[in-house]
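To start, the structure itself, in structure tokens.
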Amino acid sequence: MDTRHDQLYQQDVHDPYLRHWHAHGNALCPECGVSYRAGRWSWEGLDDAEQAERTLCPACRRIADKAPAGNLTLAGSFVREHSDEICNLLHNTEALEKREHPLERLMTISDEAEGLMVTTTGIHLANRLGHVLEAAFKGHADYSYSDDRSALRVRWERD
């Protein structure tokens, strides 16, 4: 049997906020109420909630540490003129995403010199927000991942 040695080893993404919980059993976040069971965080309650470990979920830890995984810069005159509509779209998209993926949340939406700055707890929500902005309002988005793919910067612009 011939073994190939010319393939690159794919290193796991290292995100210190995505701690492995398998050895700990069930967990419950006292901040947001999300529960961890069978390898997955969800909004479903736990039958044995009183016996579950109380610990901040990765999203609440990121929020407390002010350490976003996703950063979106929204720039251009369109952003200033339509900021209410854009913020509504961002919040509605977060609500849809958070239902299925409780660790994907908006952290902040703040006014900046060139438009709005949005931070998220996960890269998937940041990615989705960039695509939703392009679909709803056109414009152009650029996506830039960190080397280990644990962080994402998105710049969306429309004049």
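The values are calculated or read from the model by the stated rules, or taken from the named source; none is laboratory data. Model, not experiment: these values are computed from the prediction. Cβ placement follows ideal geometry from the backbone for every residue including glycine, while neighbour counts extend to all protein chains displayed.
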- If we scan segment 70-90, do we find a residue that is within 16 Å of Val154 (Cβ to Cβ), out of contact with any helix residue (DSSP H, G or I) (no Cβ under 8 Å at 6 or more places or on another chain) and acidic (Asp, Glu)? no
- Quickly run through segment 105-114 and pick out the residues that are in a loop (DSSP other than H, G, I, E, B) and more than 13 Å from Pro58 (Cβ to Cβ). Ala113, Glu114
- Item | Leading residue by the ranking (surrounded by the most Cβ atoms within 10 Å (Cβ to Cβ)) among those in segment 103-127 that are more than 9 Å from the chain's Cα centre (by Cα) and not hydrophobic (A, V, I, L, M, F, W, C) | Gly115
- The residue from Asp84, Asp148 that alone is on the phi < 0 side of the Ramachandran plot and modelled with pLDDT under 95 is Asp148
- Query: Just checking, how many residues over segment 88-104 are free of Cβ contacts under 8 Å to residues at least 24 places away in the same chain and more than 25 Å from Leu56 (Cα to Cα)?
  - Reply: 1
